[in-house]
Amino acid sequence: MRKVILLITVCLSLLSGCTTLAQQSNLGELQKQVTDTESAFAQTMAKRDHTAFKSFLSSETVFFSGEKVLRGKEQVADAWKRFYEKPEAPFSWKPEQVEVLDSGTLALSSGPVYDPNGKLIARFTSIWRLESPGKWRIIFDKGSDVCDPTKP
């Protein structure tokens, strides 16, 4: 009887290890999805494609814009339209760090924001929600200025 219990215990331990590896593998794939999504989102600015920008917004999206909070896809899209009107992008960004919840339903991405000359001017933090298989949409976004060490 002891041998059977020991065998069951060992099998359960091995199975739980496989589940953990599968979860880690899945999290890696989800991190890649979010990284690719954030990168494609950033490319909308480089390509000057406001319609594509809007497609990444959740209907519940919340963007922090200085003191103002923008709520909903339409309000955010309307406020950001001005950034897409000129031929040259006023800034660019790219994901540097992406983390996904173990549940695989929410993710955080963050990274640098650059001016047109490549100077670091801010950092962004975005929260993405998996709204359908492989389809991430942004639900929160907040940027913060970086300190300029050359200014007192």
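Per-structure values
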read-out: Selection count where residues are out of contact with any helix residue (DSSP H, G or I) (no Cβ under 6 Å at 6 or more places or on another chain), in a strand (DSSP E or B) and of a type outside the set (D, E, K, R), scope region 96-142; value: 20
read-out: Selection status of Ala122, surrounded by fewer than 19 Cβ atoms within 10 Å (Cβ to Cβ) and over 30 Å from Gly28 (Cα atoms); value: no
read-out: Selection status of Ala79, out of contact with any Phe, Trp or Tyr (no Cβ under 6 Å at 6 or more places or on another chain), surrounded by 13 or more Cβ atoms within 10 Å (Cβ to Cβ) and either of a type in the set (A, V, I, L, M, F, W, C) or assigned to a strand (DSSP E or B) (or both); value: yes
read-out: Qualifying position, being part of a helix (DSSP H, G or I), touching a strand residue (DSSP E or B) at 6+ places or on another chain (Cβ under 7 Å) and at pLDDT below 95, among Leu27, Leu15; value: Leu27
read-out: Qualifying residue in region 92-109 (condition: closer than 16 Å to Val34 by Cα, of a type in the set (Asp, Glu) and surrounded by fewer than 12 Cβ atoms within 10 Å (Cβ to Cβ)); value: yes
read-out: Where a residue in region 118-137 is within 21 Å of Lys94 (Cβ to Cβ) and its partner, wherever it lies, is of a type in the set (A, V, I, L, M) and not in a strand (DSSP E or B), with Cβ under 7 Å and at least six apart; value: Leu120/Val146; Ile121/Val146; Ala122/Val146; Arg123/Val146; Trp128/Val34; Trp136/Val34
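The values are calculated or read from the model by the stated rules, or taken from the named source; none is laboratory data. What you are looking at is a predicted structure, and each value in this text was computed from that prediction instead of being measured. FYI the Cβ positions are ideal-geometry reconstructions off the backbone, even for glycines, and counts take in every protein chain you see.
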